[in-house]
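Q: Dropping a structure here in structure tokens format, bear with me for questions.
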2 protein chains.
Amino acid sequence: MFPERLRAAQLAVEARLQLALANRAEVPVVAAMRYAARGGKRIRAFLVLESAALFGIGEDQAISAAAAVEALHAYSLVHDDLPSMDDDDLRRGQPTVHVKWDEATAILAGDALQTLAFELCCDPALGPAERRITLVAELARASGADGMVLGQALDIAAETSPEPLTIDEITRLQAGKTGALIRFAATSGAALAGQDPAPLAAYARALGLAFQIADDILDVEGDPEKTGKRLGKDAGAGKATFVSLLGLDGARARARDLVAEAVAALAPYGAAGRNLAEAAEFVIARES
Amino acid sequence: MFPERLRAAQLAVEARLQLALANRAEVPVVAAMRYAARGGKRIRAFLVLESAALFGIGEDQAISAAAAVEALHAYSLVHDDLPSMDDDDLRRGQPTVHVKWDEATAILAGDALQTLAFELCCDPALGPAERRITLVAELARASGADGMVLGQALDIAAETSPEPLTIDEITRLQAGKTGALIRFAATSGAALAGQDPAPLAAYARALGLAFQIADDILDVEGDPEKTGKRLGKDAGAGKATFVSLLGLDGARARARDLVAEAVAALAPYGAAGRNLAEAAEFVIARES
């Protein structure tokens with residue numbers, strides 16, 4: 001069942017990340033890396049482990065890829081929260097890294113978390129070198145100037161744009177900002193197995209978009225106690241979101257359609273795809 | 001001869017980096033990446049190409065590794081120059097990225113340049129997957145929380161330390177901040193060839209230290225016109241440097257000893273090591 005599998009993924013990836021950060025120099029930047037790498041929903045780690053399981057690849061073999069995507073995600077949050085970016089002082093209910101330490105430490109900790117993500121992709125446990133270099137290449141593509149960073153750059157450009165974004169523009173922004181890393185996570189099992197990633201890529205595309213729409217809905221009607229972050233930011237900033245463009249009901253309907261699409265994309269895997277299907281249901285039902 | 005070989009390396013790596021950054025989205029962050037990836041001495045690229053040449057590996061095969069180390073170095077400079085880090089407004093005689101664009105763009109451009117470095121290590125032209133994943137692992141080790149970022153963290157800690165650093169502490173700081181990436185560059189030829197990196201690692205250790213001492217000397221008596229950056233920063237900040245601890249003459253003597261040590265480490269390669277030996281002479285003779 002999904003909640004148990006998610007919980008198992010959370011525990012496994014937490015342990016792998018803390019192991020990766022053990023026996024490092026005792027400097028504030030390493031403490032900040034450990035702090036930033038803790039907690040979170042771990043949806044991306046879950047997607048890695050479940051997509052690997054579809055191909056008979058166990059947690060022991062896939063866990064470093066799960067830890068890699070979470071380290072990459074953690075770096076992006078640390079940098080995103082910086083004063084010159086989103087200027088957030090709270091993340092998962094805790095002070096952000098630059099608030100708890102300082103900006104220089106937050107920049108360096110984010111930098112080293114990105115490096116750690118690539119280091120984790122080199123773990124021999126993941127399999128033959130061909131598969132590992134594919135993972136590295138896919139992670140780089142998902143996170144760089146054609147992926148996550150492009151999404152963040154488009155997000156920044158949107159803030160000063162005289163015209164609010166259209167649905168197509170927001171979709172492109174999201175495809176980079178959160179979609180690319182979700183795609184990496186959901187297709188990584190196929191990459192580790194050397195199998196066709198196309199069904200998982202279709203699943204991830206729909207899932208990523210549903211995830212962003214759910215985030216926009218939470219920003220409007222979420223509970224700050226449960227989300228652990230400042231809400232109403234987008235409306236306050238006059239930013240176009242899926243909710244501002246489609247309305248709350250329209251956004252909910254679109255998210256439901258996308259979840260159905262994500263579930264349909266899993267058909268080739270039969271019953272084995274059940275956990276991934278449940279994850280898609282979860283992203284639109286979550287409260288944080 | 002060294003000057004011609006260095007110039008050839010500069011041209012080749014410039015072309016490879018601009019190719020890697022062609023056909024990207026036309027957003028400010030990509031323009032900032034191109035800007036930051038331009039110019040510089042390209043000593044690291046030279047070290048990659050020359051160490052590869054020792055093992056009969058040509059420029060066509062090794063160039064992506066040279067571009068990778070320069071992209072990694074460029075990212076570190078962009079982040080290092082940020083207001084919360086070294087707060088520099090000039091680099092190679094030009095406005096730094098956060099001055100020419102803004103802080104958010106500089107953070108993202110640095111982030112994506114790091115990603116690009118790992119992407120470049122995946123280039124199939126570099127050789128079999130085993131060799132490429134070794135490069136990725138070595139680059140991650142050199143740049144992360146045990147390498148370059150550790151050096152930068154120690155540098156920040158030194159600025160608020162009540163006691164000036166000792167020679168051993170400065171040596172450790174330098175081994176991370178500039179030494180680790182020079183080591184990666186100088187040993188990458190052995191990694192690409194699957195050969196023992198030990199002689200090149202010994203060469204790189206001495207070269208890296210000599211390079212830092214030469215930087216400290218330039219900070220005291222360099223010509224701002226030629227170095228293209230603000231000088232006298234370290235003395236102004238009351239920071240311990242090799243010059244403040246050894247004196248100008250002592251620092252020069254130490255650099256000369258290290259260059260001799262670097263050249264001696266190249267003995268196993270015979271006459272083929274001449275270009276690398278000349279590079280070591282250059283680092284203490286340079287004016288920028």
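Q: Of the heavy-atom accessible surface of the protein assembly as shown (probe 1.4 angstrom), what whole percent is carbon and sulfur?
A: 53 percent
Q: Another question, then. Sort A:LYS177, A:LYS41 by accessible area with a 1.4 Å probe, largest first.
A: A:LYS41, A:LYS177
Q: Please report the relative contact order for chain B, taking Cα pairs under 8 Å with a sequence separation of at least 6, and give it as a percent rounded to a whole number.
A: 19 percent
Q: Heavy atoms only, 1.4 Å probe, whole protein assembly: order B:GLU50, A:GLU119 by accessible area, highest first.
A: From most exposed to least exposed: A:GLU119, B:GLU50.
Q: Now for a different question. Report, in order of residue number, the helices in chain A meeting two criteria: a C-alpha extent of 15 Å or more along the helix axis, and a mean Kyte-Doolittle hydropathy of at least -0.5; treat each whole DSSP H run as one helix.
A: What comes out of the filter, once short or polar helices are dropped, is A:2-20, A:43-54, A:59-80, A:103-121, A:129-143, A:148-160, A:180-193, A:198-221, A:242-265, A:274-285.
Q: Given a 1.4 Å probe and the protein chains all in place, what does the accessible area of B:ARG252 round to, in Å² to the nearest 10?
A: Solvent-accessible area, nearest 10 Å²: 80 Å².
Q: Give me the percent of Cα-Cα pairs in region A:3-116 that sit more than 17 Å apart, rounded to a whole number.
A: I get 53 percent for the Cα pairs in region A:3-116 exceeding 17 Å.
Q: How much accessible area per residue does region A:2-285 have, in Å², with a 1.4 Å probe?
A: Computed with neighbouring chains in place, this is 38 Å² per residue.
Q: Using a loss threshold of 20 Å², tell me which positions in region A:103-120 are less accessible in the complex than in their chain alone. Probe radius 1.4 Å, ligands and nucleic acids ignored.
A: The answer is A:GLU103, A:ALA104, A:ILE107, A:LEU108, A:ASP111, A:ALA112, A:GLN114, A:THR115, A:PHE118, A:GLU119.
Q: Which length gain, in nm to one decimal place, applies between B:GLU169 and B:ALA253 when the Cα-Cα distance is subtracted from 0.36 nm times their residue separation?
A: Gain in length upon complete extension: 28.3 nm.
Q: Using a 1.4 Å probe on the heavy atoms of the protein chains only, list every residue of region A:131-166 that has 50 Å² or more less accessible area in the complete assembly than in its chain alone.
A: A:ILE133, A:ALA145, A:ASP146, A:VAL149
Q: Separate question: Mind telling me which of B:GLY58, B:GLY189, B:GLY273 comes out most flexible in a GNM of chain B, alpha-carbon contacts under 10 Å?
A: Looking only at B:GLY58, B:GLY189, B:GLY273, the biggest GNM fluctuation is shown by B:GLY58.
Q: Related question: Can you give me the C-alpha center-to-center distance between region A:171-200 and region B:124-200, rounded to a whole angstrom?
A: 31 Å
Q: By the gyration tensor of its Cα atoms, with a ≥ b ≥ c the square roots of the eigenvalues, what is the shape of region A:46-193: rounded for a/c under 1.5, prolate for a/b over b/c, or oblate?
A: Oblate shape, in that a/c is at least 1.5 and b/c is the bigger or equal ratio.
Q: Is the shape of chain B best called rounded, prolate or oblate, per the rule: a/c under 1.5 gives rounded, else a/b larger than b/c gives prolate, else oblate, with a ≥ b ≥ c the square roots of the Cα gyration tensor eigenvalues?
A: Oblate.
Q: Per DSSP H run of at least 4 residues, take -39500 (n - 2.57); add these up for chain A, divide by its residues and hand me the 222 nm value, nearest 500 deg cm²/dmol.
A: Rounded to the nearest 500, the figure is -22500 deg cm²/dmol.
Q: I want the local charge near B:THR105. Using Cβ-Cβ distances under 13 Å, sum +1 for each Lys or Arg and -1 for each Asp or Glu among the other residues.
A: Summing Lys and Arg as +1 and Asp and Glu as -1 gives -4.
Q: Let me ask you something else. Only counting protein heavy atoms at a 1.4 Å probe, give the residues of region B:76-91, ordered by number, whose accessible area falls by 50 Å² or more when the other protein chains are present relative to the chain alone.
A: B:SER84
Q: Here's a follow-up. In square angstrom and rounded to 100, what buried accessible area do you get between chains A and B, total over both, with the probe at 1.4 Å?
A: Chain pair A/B: roughly 3400 Å² of buried accessible area.
Q: Continuing with this model, one more query. Summing +1 for each Lys or Arg and -1 for each Asp or Glu, what net charge is found among the other residues whose Cβ lies under 13 Å from the Cβ of A:ALA201?
A: 0
Q: Still on this model: With the cut-off at 1.5 for a/c, could you classify the protein assembly as shown from its C-alpha gyration tensor as rounded, prolate or oblate?
A: Prolate.
The values are calculated or read from the model by the stated rules, or taken from the named source; none is laboratory data. Everything quoted here is computed from the prediction, not taken from an experiment. Backbone-built Cβ (ideal geometry, glycine too); neighbour counts: all protein chains shown. These accessible areas exclude ligands, DNA and RNA; they are computed on the full protein's heavy atoms, side chains included. Shrake-Rupley method; radii C 1.70, N 1.55, O 1.52, S 1.80 Å.
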